[in-house]
1. I need the strands (runs of 3 or more DSSP E) fully contained in region 5-62, keeping only those with at least 2 residues that are touching a residue at least 40 places away in the same chain (Cβ under 8 Å).
2. Looking at region 222-247, which of the residues that are under 15 Å from R346 (Cα atoms) and not in a helix (DSSP H, G or I) is farthest from the chain's Cα centre (by Cα)?
3. I'm checking my understanding of the structure. Among residues of region 99-130 that are among the charged types (D, E, K, R) and surrounded by fewer than 18 Cβ atoms within 10 Å (Cβ to Cβ), which one is modelled with the highest pLDDT?
4. Just give me the residues in region 54-73 being modelled with pLDDT under 95 and β-branched (V, I, T), in sequence order.
5. Name the residue, out of L8, L21, that is surrounded by fewer than 22 Cβ atoms within 10 Å (Cβ to Cβ), out of contact with any strand residue (DSSP E or B) (no Cβ under 8 Å at 6 or more places or on another chain) and of a type in the set (A, V, I, L, M).
6. In region 186-222, what residues are within 27 Å of G173 (Cα to Cα) and either of a type in the set (A, V, I, L, M, F, W, C) or in contact with a Gly (Cβ under 8 Å, 6 or more places away or on another chain) (or both)?
7. Applying the selection to region 80-98, what residues are surrounded by fewer than 15 Cβ atoms within 10 Å (Cβ to Cβ), out of contact with any Lys or Arg (no Cβ under 8 Å at 6 or more places or on another chain) and either of a type in the set (D, E, K, R) or outside the structural domain of P50 (by TED's automatic domain parsing) (or both)?
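The values are calculated or read from the model by the stated rules, or taken from the named source; none is laboratory data. None of these values were measured; they are calculated from a predicted model. Neighbour counts run over all protein chains shown; Cβ positions are idealised from the backbone, glycine included.
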Amino acid sequence: MRVLQRHLSEGVCDALLVTHLPHVRYLSGFTGSNGWLLVRKRSAVLLTDPRYREQAEEEVAGARVHIVAGRTMTAALAEGLLRRVRELGVEAAHLDYITFTNLRKTLDPVRLVPLHDAVEEQRSVKFPDEISFIQRAVRISERVWEEVLPLLRPGVREFEIAAEITYRQRLHGADGDAFPPIVLFGARSSLIHGQPSAARLRAGQPVLMDFGCRVNGYVSDITRTVFLGYASRRMRAIYRIVRDAQELGRSEIREGLPADALDRIVRSYIAEQGFGTYFEHGLGHGIGLEVHEQPTLSWRSSEPLEAGNTVTIEPGIYLPGVGGVRIEDDMLVTASGAESLTSLPRELVVL
């Protein structure tokens, strides 16, 4: 909160309205599903509805709680919370058009100032307690992966394994899934973000599992590809390329390296092996309170990596009608390189 308030003191605007719930949680501790945080240069107010009266009083730190009943939060802002505010910053990437137009109309003559990355950049560098929560989430997901492997037998269905992942992560202390687990068998493993179906597992098929959980709001995100019974020569070759590409990314990641440069290093290697057109997503992304946050490891971002960034490294090759391989680890960028938060084996596993 203080970092943001110092930013406001530099004259960007008089106050900032934070409406993106992960940002509200990050700055104030509030975990409810309805809340806005008005940040001024020397104070802050959390606006929420009566359902969260007791919860907000328990959770919120560094801000006064203002319960809004019988009117909208936009109206509550207009009724005295914006005294001496002439320019109000808003989160450009997280405010829908209808809310923006309502704010502009109701709060007139206050001028709305769209701001970009006001909170995102601050969140991208993790504090030790944030890293600890991510590490705990990783440990839970890794334990579940080990428990799920024996369940991969001929005839089991994709959605059954996905359900086991969800159940077991909660059983071992997670708040819940980081995202709906991706479990794909055979040729369906080429669907980069495919959803589990009733497809049954057969010998010789790849099994792609991409999943994670939340601990105190912070996520893990892990992908492994294994094979039942045997792996064809073609899929073994693809697995080797992806494994080597991922190892290249893990070894090259370091503070100061532009994000797009790291993506380019790994992507170039896969292209040299003849599979460049089959790697169609970014190398990775930041993780924290959200599954996808800054920094973005792709051609989209030339921002240099910083010590304290927590990111995924997840190259993949996906052959339509044949199958896909992805290997994903969670990494902590350090001053001297990077530390792997993930400890699962990366060598080919045949069950």
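1. Values: elements: 15-18, 36-40, 44-48.
Qualifying strands (runs of 3 or more DSSP E): 15-18, 36-40.
2. Restricting to residues being under 15 Å from R346 (Cα atoms) and not in a helix (DSSP H, G or I), the top hit is F227.
3. Just the residues of region 99-130 that are among the charged types (D, E, K, R), to begin with: 104-105, 108, 111, 117, 120-121, 123, 126, 129-130.
Imposing the further condition that a residue be surrounded by fewer than 18 Cβ atoms within 10 Å (Cβ to Cβ) reduces the set to 104-105, 108, 111, 117, 121, 129.
Values: R104: 94, K105: 94, D108: 91, R111: 94, D117: 87, E121: 89, D129: 97.
Checked region 99-130; the qualifying residue modelled with the highest pLDDT is D129.
4. Listed by number, the list holds a single entry, T72.
5. On the way: L8 fails: out of contact with any strand residue (DSSP E or B) (no Cβ under 8 Å at 6 or more places or on another chain).
From the options L8, L21, the qualifying one is L21.
6. Filtering region 186-222 for residues within 27 Å of G173 (Cα to Cα) gives 193-197, 207-222.
Residues satisfying the conditions are V207, L208, M209, F211, C213, R214, V215, Y218, V219, S220, D221, I222.
7. Correct list: R83, R84, D96.
For every residue, the table says whether it meets (1) in the same structural domain as P196 (by TED's automatic domain parsing); (2) farther than 25 Å from I222 by Cβ; (3) assigned to a loop (DSSP other than H, G, I, E, B); (4) touching a helix residue (DSSP H, G or I) at 6+ places or on another chain (Cβ under 9 Å).
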| position | (1), (2), (3), (4) |
| --- | --- |
| A75 | no, yes, no, yes |
| A78 | no, yes, no, yes |
| F100 | no, yes, no, no |
| R104 | no, yes, no, no |
| L112 | no, yes, no, yes |
| S141 | yes, no, no, yes |
| V144 | yes, no, no, yes |
| E147 | yes, no, no, yes |
| E164 | yes, no, no, yes |
